[in-house]
Amino acid sequence: MKRPILAANWKMNNGPTAAKSFMDAFLAGYPPRDDRTIIIFPPAVALQVVAVAASRRNDVIVGAQNIHWAQKGAFTGEISAGMARDAGARIALVGHSERRHVFGETDAQSGKKCEAAAREGMAFMLCVGETLDQREAGETESVVLRQLREGLSRTPNLISADFLLAYEPVWAIGTGLTASSGDASAIHTLVRSELCDMIGTRSDEIPILYGGSVNAGNSAALLASPEVDGLLVGGASIESSSWLPIACTPVAYT
Ligand code: PGA
């Protein structure tokens, strides 16, 4: 994937009909580019529509917002990595803060989901980030490192696995509060150094994205940090009109 990586997490927005309209409008306004990668994470029911719409575009990748770790079975309401891949997803989001804090996903479960994605030949994007309480208690670093270590602990062949990381401070998600580029850089540096301990120099190849109240007004400043390899965008990615300027954010290093 080319850096910067601009990722749209639609959350529970844009079913198949709205997803089709979004993709028609977005792709019409976003001619192919070879200086960045776009990832769209639609809800599971719209995966196939988005994958078909993007099928001629190497610069636009489709991903699942969540997967279950089992290959199949009695898990009502869940989808497996293989099913997501069959619907066109090439990557799975794992451990998003809403999965952790609204649905109670544990570090151990995130680890099993990363393992499942890798087993199916899919890439994954593991999200880490502290809550406001944890930040105020001075626990940011320990929380982020724990989520990182446990999230990656079961992935086979981690050294060659296809994955990305996203730092998303929970207090910045959907709140209008954004980490300063200095704060984001400091955590990205911490994460990269831990990753270097885990997989050596290959850690340089792993993109680390920032997420949390990103919009067209702050995307350029966030991407100006050399430690920030991309952005994971929620609210501002739901409409093609607000997503397009973020996808086109100018960057100095390309
Ligand atoms: P937000 O969400 O951009 O609405 O803060 C980011 C995310 O949850 O990935």
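So here's what we get for this one:
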| read-out | value |
| --- | --- |
| Filter result (small (Gly, Ala, Ser), crowded, with 23+ Cβ neighbours inside 10 Å and touching a Ser or Thr at 6+ places or on another chain (Cβ under 9 Å)) within segment 73-117 | 95, 97, 116, 117 |
| The one condition in (1) assigned to a loop (DSSP other than H, G, I, E, B); (2) under 28 Å from residue 179 (Cβ atoms); (3) hydroxyl-bearing (Ser, Thr, Tyr) that residue 110 fails to fulfil | (1) |
| Out of 130, 139, sole residue that is without any contact (Cβ under 8 Å) to a residue 24 or more places away in the chain and either farther than 15 Å from residue 115 by Cα or small (Gly, Ala, Ser) (or both) | 139 |
| Extreme residue, nearest to residue 148 (Cα to Cα), among residues of segment 62-119 that are in contact (Cβ under 8 Å) with a residue 12 or more places away in the chain and of a type in the set (S, T, N, Q) | 110 |
| Residues that are free of Cβ contacts under 8 Å to residues at least 40 places away in the same chain and within 19 Å of the chain's Cα centre (by Cα), drawn from segment 41-56 | 42, 43, 45, 46, 50, 51, 54 |
| Helices (runs of 4 or more DSSP H) contained entirely in segment 1-90, each with at least 3 residues that are over 20 Å from residue 237 (Cα atoms) | 81-86 |
| Filtered residue count, segment 188-219, keeping only those that are open to solvent by less than 40 Å² (accessible area, probe 1.4 Å) and within 16 Å of the chain's Cα centre (by Cα) | 12 |
| Within segment 1-17, tally of residues that are open to solvent by 30 Å² or more (accessible area, probe 1.4 Å) and closer than 11 Å to residue 36 by Cα | 3 |
| Scope segment 157-181; condition open to solvent by 50 Å² or more (accessible area, probe 1.4 Å) and either charged (D, E, K, R) or without any contact (Cβ under 8 Å) to a residue 40 or more places away in the chain (or both); matching residues | 157, 162, 175, 176, 177, 180 |
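The values are calculated or read from the model by the stated rules, or taken from the named source; none is laboratory data. Just so it is clear, the model here is predicted, and its values are computed rather than measured. All Cβ positions, glycine included, derive from the backbone under ideal geometry; neighbour counts span all protein chains shown. The accessibility values were calculated without ligands, DNA or RNA, using every heavy atom of the protein model including side chains. Shrake-Rupley method; radii C 1.70, N 1.55, O 1.52, S 1.80 Å.
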